[in-house]
Amino acid sequence: MARVIRGLDDAALRDRVAQATATYFLDWSHPISGMARERSAGAFGYDVAETVCTGGTGFGILAQIVAAHRGWRRRATILDTIERIVGFLETADRFAGVYPHFLDGSTGRTLPFMPGDDGGDLVETAFLMTGLLGAAACFTEAPGLGERITALYDAVEWAAHLRGDGAVMWHRSPARDWAPSALPIRGWNEAFAVFVLGAGSRTHPIPPSSYHDSWATAPAFRNGRTYGGETLPLGPDWGGPLFLSQYPFLGIDPRGLSDAYANYWMQAQSHARVNRFHCIANPQGWPGYGPHCWGLTASDDPTGYVAHSPTEDTGTITPTAALGSFPFVPDESMAVLRHLHDDLGGWIWGDAGFADAFSPARDWVAESRLAIDQAPIVIALENHRSGLIWDLVSSRPEVRRGLARLGFSAPYLASA
């Protein structure tokens, strides 16, 4: 168990937490493929050691870029890992260029995410491509790697997931037109990158009309209601889990980003503040909640896996929720970071950072850490500090083309 070092100044504490959290990817990625394992323990019916995830790998690549930038690991070591990941992906199962949610880390064969979901997952593929494009922008000393990453991106047939009515579908199975779990990607949620990267494709683009006439017309897209004095531009009632406004902006830079529907920096800020307001108001009276302990998002839970939110509040706090909001509400997030480490560290802190989730009401701490929850902590802390990952990912022509084709404006697009 890692030792808790109390009394560090804010900057030193942020670095300590980020460095420890990054070890999930630096020390526990799959030894053959280099891909991120889905979780460290507590799997729901699958092999923890062999099950690797595409989306978590994409975010994990960005976390490893931070590790290289900060000198936590040698740059050449990180580059070697990413080259191994790319080589694995070049021969792993794909469906019209779209990767499944889970792969076997040794063989590259598809592992069904759930019964019937044995094909391409467009959202997880978008997360994976975000990480790969960030790596291509970072490791310019290896131009061959950038060319291979561009080839993987160009092979994604985003348009293969278009339904006849113009909706973009989350999943597609090779055995049937649409898997039983297939969902139209509509409304404000974590899948924003699908439209940006899909519209930016030179080879198999999705049309801007799918963004404007399907994604942005869903009932859960526009919000505009006020919660605790905070007006929320987009999303479901009370905003939903915080990952809905965090995952889109791990790589894509939201600073000054706007379109006909919202200012996306304001969206991320407002969502975090609404989530915090709910936890402080604490209408269900959960113990432990307050200004120093807030943050509801999807994570493990005493009952399984739950997409926690103000409307689905089980008394479980997930560290990645507040810490993933660091760029948007830094003072409020710093208060949580200090409390989690200095006050609760003996309970929830370990060699790879904080446990995935905890519930003071049930005296419960998750036995696991999840790739998709670990990486945003590292990325958000670095984006707060330097904007490194935003600058890398948003420098890529694929991202800039997609944003421009969808009608976005931002200061960094004006200089493209």
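The values are calculated or read from the model by the stated rules, or taken from the named source; none is laboratory data. Please read all numbers here as calculations on a predicted model, not as lab measurements. Positions of Cβ are backbone-derived with ideal geometry, glycine not excepted, and every protein chain shown enters the neighbour counts.
Quick rundown of the values:
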| quantity | calculated |
| --- | --- |
| Within region 23-37, considering residues that are in contact with a helix residue (DSSP H, G or I) (Cβ under 6 Å, 6 or more places away or on another chain) and not aliphatic (A, V, I, L, M), the one farthest from Tyr99 (Cα to Cα) | Tyr24 |
| Criterion (of a type in the set (Gly, Ala, Ser), in a helix (DSSP H, G or I) and crowded, with 24+ Cβ neighbours inside 10 Å) met by exactly one of Gly131, Gly87 | Gly131 |
| Selected residue (criterion: nearest to Leu133 (Cα to Cα)) from residues of region 385-400 that are in contact with a Ser or Thr (Cβ under 8 Å, 6 or more places away or on another chain) and surrounded by fewer than 24 Cβ atoms within 10 Å (Cβ to Cβ) | Glu398 |
| Per-region count, region 2-38, residues in contact with a His (Cβ under 9 Å, 6 or more places away or on another chain), assigned to a helix (DSSP H, G or I) and of a type in the set (Val, Ile, Thr) | 1 |
| Positions within region 222-243 being among the basic types (Lys, Arg) and in a loop (DSSP other than H, G, I, E, B), in sequence order | Arg225 |
| Meets criteria (without any contact (Cβ under 8 Å) to a residue 40 or more places away in the chain and part of a loop (DSSP other than H, G, I, E, B)) for Val48 | yes |
| Every residue from region 86-110 that is in contact with a Ser or Thr (Cβ under 8 Å, 6 or more places away or on another chain) and either polar (S, T, N, Q) or modelled with pLDDT under 95 (or both) | Ser106 |
| Whichever residue in region 219-257 is of a type in the set (D, E, K, R) and either free of Cβ contacts under 8 Å to residues at least 12 places away in the same chain or surrounded by fewer than 19 Cβ atoms within 10 Å (Cβ to Cβ) (or both) and, among such residues, is nearest to Val393 (Cα to Cα) | Arg255 |
| Residues of region 347-395 satisfying the condition of being farther than 20 Å from Arg14 by Cβ, touching a residue at least 40 places away in the same chain (Cβ under 8 Å) and not hydrophobic (A, V, I, L, M, F, W, C) | Ser359, Pro360, Arg362, Glu367, Ser368, Ser394, Ser395 |
| Conditions (1) assigned to a loop (DSSP other than H, G, I, E, B); (2) within 26 Å of Val399 (Cα to Cα); (3) touching a helix residue (DSSP H, G or I) at 6+ places or on another chain (Cβ under 6 Å); number of the one not met by Ala260 | (3) |
